[in-house]
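Here, each number is a calculation from the coordinates, and none is a lab measurement. This one's a predicted model, so the numbers in the text were calculated from it and none came from an experiment. Here the Cβ is made from the backbone with ideal geometry for all residues, glycine too, and neighbour counts use every protein chain on show.
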Amino acid sequence: MAPDSQAPTRPSSTRRLRRSAILAATLGRPRLRTAAVLGGLAATSALAGCGRPTAMGEENSLIVVADPGLWRQVEQDTYDALEPTLFTTRDEKKFNVTHVAPDAPELEQLLLWHQVVVLATPGDPLLDRIADAAGRDSLSPPEFFRVPNVWATGQAVTAVVLEPGREAASLREMLPGIASALDAEYRAWALERMFVSGVDSALAEALADSLGFTLRVPRVYQHVFREGGIVLIRNDNPDPAELIRSILVQRRPPQDSVTTFEFAAWRSDIDSVQYNVPQSFELAPGSRRPISLDGATGIEVRGTWRDEAAYPAGGLLIGRALRCPDASYFIDAWLYSPNPRRSKWQFLMQLEEILDSFRCANP
């Protein structure tokens with residue numbers, strides 16, 4: 001398994017490469033046979049009436065349809081708002097934005113993407129189509145609204161209704177709200193997908209009985225209790241060579257506070273004993289923060305881990321030390337997702353959701 005790392009790429013180069021890949025995938029699909037873009041939209045709408053095609057692309061890939069003149073004014077503002085970064089093993093964009101002009105020949109197919117954002121003023125044919133799908137008789141700029149399954153099944157379309165005469169200014173005013181709505185919907189999708197197998201209530205009861213805490217974990221995760229007050233919870237489906245989510249928790253004597261050095265010493269002790277391949281790790285400077293979870297208080301640190309093997313693997317690490325009334329709990333959670341083309345955001349959110357469900361069984 002190759003290390004989970006990648007050399008930084010200039011943003012402009014990244015966007016060009018991503019757009020080329022999207023267009024290659026788009027043009028590789030059968031084209032809707034239309035003489036013009038508007039004719040293509042009509043044909044696509046007709047498809048919707050007799051069974052929509054399945055949405056294309058990744059859930060965090062945003063196709064933004066906008067007039068080129070407007071886009072030149074708002075491009076950087078849109079990237080700044082809709083492509084915030086988070087740290088996984090490097091800075092990674094939450095969403096990837098690809099612009100397409102309303103008269104571009106590839107528009108017909110890009111309208112079948114999972115996430116489509118249309119920037120336009122009232123009277124635009126695309127906005128009219130979205131409004132019709134939403135059952136709306138009128139539009140009130142400036143506003144935005146979300147509609148599912150307009151051109152494809154499983155997609156979400158965001159209609160951004162700009163104010164005529166101040167299109168760029170009205171978009172800038174709405175960008176924070178648009179970003180928040182996209183973030184919330186993506187999070188809801190990722191967590192719903194995470195718990196499609198249901199919650200493992202039997203594990204929560206076993207953790208409470210044997211170790212004095214509970215976690216809300218999907219049934220698809222496997223677990224094993226080990227000596228020394230340790231439980232190891234792991235999901236390596238569908239293939240451990242492609243994706244692993246691991247959480248190790250150890251119950252320890254109560255300790256009022258834990259330093260970063262003390263957590264690092266504990267982590268060094270367990271990584272060569274509890275994992276199949278010993279791991280080295282590095283905590284990110286300044287990552288320490290206090291946390292509180294329904295009465296359990298402590299610290300969190302973040303960093304990266306790496307297998308100490310001839311051809312090592314690596315990924316994101318989240319460490320926590322939490323205090324309950326009768327015990328302290330040290331937690332080592334890590335993610336392995338080596339494909340640089342796959343977003344790690346959803347898997348990071350899933351780990352955080354499990355970790356944030358920690359509760360003292362005897363508060």
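Observations
- Relative to the current alpha-carbon distance between residue 352 and residue 273, full extension at 0.36 nm per residue lengthens the span by 26.0 nm.
- Region 51-65-region 308-363 distance, computed between alpha-carbon centres (Å): 30 Å
- Sorting 150, 301 by the number of Cβ atoms found within 10 Å of their own Cβ, with the fewest placed first, yields 301, 150.
- Additional length obtainable on full extension of the chain from residue 236 to residue 308, 0.36 nm per residue less Cα span: 24.0 nm
- Distance (nanometres) between label positions extended 7 Å along Cα→Cβ at residue 195 and residue 58: 2.6 nm
- Net length gained if the chain between residue 326 and residue 264 were fully extended (0.36 nm per residue, minus Cα distance): 20.1 nm
- Approximate spin-label separation residue 184-residue 166, in nm, with each point projected 7 Å along Cα-to-Cβ: 2.5 nm
- Across region 260-276, coupling constants 3J(HN,Hα) worked out from phi with the 6.51/-1.76/1.60 Karplus curve, θ = phi - 60°, read 4, 5, 5, 5, 4, 5, 5, 5, 5, 6, 8, 5, 8, 9, 8, 10, 4 Hz, and Gly and Pro carry x.
- Distant-in-sequence amide H partners of residue 149 (H built 1.01 Å from N, under 5 Å): 154, 155, 156, 157
- Estimated vicinal HN-Hα couplings, Hz - region 192-206 in sequence order (Karplus 6.51, -1.76, 1.60; Gly, Pro = x): 5, 4, 4, 9, 4, 7, x, 8, 7, 5, 5, 5, 4, 5, 5
- For residue 99, residues with placed amide H under 5 Å, excluding near neighbours: 64
- For region 105-161, the Cβ-based charge dipole about the Cα centre amounts to some 180 debye (Lys, Arg positive; Asp, Glu negative; other atoms uncharged).
- As a proxy for reagent exposure, ranking 337, 287 by other Cβ atoms within 10 Å from fewest up yields 287, 337.
- Under 5 Å, built H, 5+ apart or other chain: amide partners of residue 314: 4, 307
- Euclidean distance between Cα centres, region 258-282 to region 141-177, Å: 47 Å
- Computed E for residue 73/residue 342 - FRET, C-beta separation, R0 35 angstrom, nearest 0.05: 0.60
- Between residue 210 and residue 288, the FRET efficiency estimated from the beta carbon spacing at R0 = 35 angstrom works out to 0.75.
- Order of 336, 221, 275 under a 10 Å beta carbon neighbour criterion, fewest first: 275, 221, 336
- Placing a pseudo-label 7 Å from each Cα along the Cα-to-Cβ vector at residue 280 and residue 85 gives an inter-label distance of 2.5 nm.
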